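Structure first, commentary second.
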Amino acid sequence: QHSTMMMMKTSSPKISAKTVRAPRVQSRRNVVVKADAGFLGSFENKVMATSVATFLAAGRFGLAPTSARVTGAATPMKLNDVKDMDIATGDPSGFNWVDVAALGSLGHIVGAAVILGLNGAGAA
């Protein structure tokens, strides 16, 4: 007793070697690029610049914790010794690029919150 199996014959796809070319596009030689300076001096620009500058100044002058300064908590938290890492600078207070990135990010977050909050309240 043989079980009957239905065999389907499949044909192999035909492959052709055609060269496909992209359509020609007219080149533009008289393109004008303009920079919009409408943001500079705007309300949003002033809020963001003030917020970032405030946080950077707070870190630089000891009002905010940085990677080189012990915090004023009951149990002082000291990050890795900056002298052993590759982030040391010649700044007298030990302010480095890690502090600029961290405090600049925090300033942007607070600035965005102020802008969105004032826009939501209809004040700006």
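The values are calculated or read from the model by the stated rules, or taken from the named source; none is laboratory data. A quick note: this is a predicted structure, and the numbers were derived from the prediction, not measured. A quick note on method: Cβ atoms are made from the backbone with ideal geometry, for glycine too, and the neighbour counts reach across all protein chains shown. The area values use the complete protein model at the heavy-atom level, side chains included, leaving out ligands, DNA and RNA. Shrake-Rupley method; radii C 1.70, N 1.55, O 1.52, S 1.80 Å.
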Close pairs (9 angstrom Cβ cut-off, 6 or more residues apart or separate chains): over 16 Å from residue 53 (Cα atoms) in the stretch 90-111, modelled with pLDDT under 80 and open to solvent by less than 50 Å² (accessible area, probe 1.4 Å) anywhere: 91/68; 93/68; 94/67; 94/68; 94/82
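Name the residue, out of 12, 67, that is modelled with pLDDT under 75 and not in a helix (DSSP H, G or I). Full working, then the answer.
Details: 67 fails: modelled with pLDDT under 75.
Result: 12 is the single residue among 12, 67 that is modelled with pLDDT under 75 and not in a helix (DSSP H, G or I).
If you take the residues of the stretch 41-64 that are under 20 Å from residue 105 (Cα atoms) and in a loop (DSSP other than H, G, I, E, B), which of them is modelled with the lowest pLDDT?
Narrowing the stretch 41-64 to residues under 20 Å from residue 105 (Cα atoms): 43-64.
Next, from what is left, pick out any that are in a loop (DSSP other than H, G, I, E, B): 61-64.
Details: 61: 86, 62: 81, 63: 85, 64: 84.
Among those residues, the one meeting the criterion is 62.
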For residue 105, all conditions in the list (1) at pLDDT below 90; (2) not in a loop (DSSP other than H, G, I, E, B) hold save one; what is the number of the exception? (1)
